[in-house]
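Here you go, one structure.
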């Protein structure tokens, strides 16, 4: 199975199940595996993830970059930061001639019960295709 993309998520422990389900869905949708980058703030922290994404594009030849964010982020990332991060990554992709598709998804908290946090299926915030 070929690596098709990279999934950037927030390191928040509450998102592990939601991210696992998203990664499973992406593997089926794009018919390949995904690298996983976990960092405080997720896709809203675009200045920190650019080197990792450059490595994924050049070494693993990924074709899809998925960035995510969530409500109540301890790193202070808001939905607008995620959209800005995706826009900045699109600019980086154009400058570096990366043939990638960039998508951004926002997780909205549904409820917390018995110490578990449940999230709605992520909402698409940004989508852009660039390159081949």
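Just a yes or no: is a residue in the range 30-37 more than 17 Å from residue 19 (Cβ to Cβ), touching a residue at least 12 places away in the same chain (Cβ under 8 Å) and under 13 Å from the mean Cα position of the chain (by Cα)?
no
If the requirement is being out of contact with any helix residue (DSSP H, G or I) (no Cβ under 6 Å at 6 or more places or on another chain) and modelled with pLDDT under 90, which of these qualifies: 85, 76, 80?
Among 85, 76, 80, only 80 is out of contact with any helix residue (DSSP H, G or I) (no Cβ under 6 Å at 6 or more places or on another chain) and modelled with pLDDT under 90.
On to the next question. Could you check, for the range 51-59, whether at least one of its residues is on the phi > 0 side of the Ramachandran plot and touching a strand residue (DSSP E or B) at 6+ places or on another chain (Cβ under 7 Å)?
No.
Filter the range 5-19 for residues that are farther than 16 Å from residue 77 by Cα and either part of a helix (DSSP H, G or I) or free of Cβ contacts under 8 Å to residues at least 60 places away in the same chain (or both) and give the result.
16, 17, 18, 19
Could you identify the single residue in 36, 26 that is in contact with a strand residue (DSSP E or B) (Cβ under 8 Å, 6 or more places away or on another chain) and exposed (fewer than 14 other Cβ atoms within 10 Å of the Cβ)?
Numbers: 26 fails: exposed (fewer than 14 other Cβ atoms within 10 Å of the Cβ).
Testing whether each residue is in contact with a strand residue (DSSP E or B) (Cβ under 8 Å, 6 or more places away or on another chain) and exposed (fewer than 14 other Cβ atoms within 10 Å of the Cβ) leaves just 36.
Please work out which residue is surrounded by the fewest Cβ atoms within 10 Å (Cβ to Cβ), limiting yourself to the range 53-74 and to residues that are part of a helix (DSSP H, G or I) and in contact (Cβ under 8 Å) with a residue 24 or more places away in the chain.
Residue satisfying both the conditions and the ranking: 54.
Whether any residue in the range 90-106 is in contact with a helix residue (DSSP H, G or I) (Cβ under 6 Å, 6 or more places away or on another chain), free of Cβ contacts under 8 Å to residues at least 40 places away in the same chain and not in a loop (DSSP other than H, G, I, E, B) is what I want to check.
Yes.
The values are calculated or read from the model by the stated rules, or taken from the named source; none is laboratory data. Being a predicted model, the structure only gives us computed values, none of them experimental. Please note: Cβ atoms are built from the backbone with ideal geometry, for glycine as well, and neighbour counts cover all protein chains shown.
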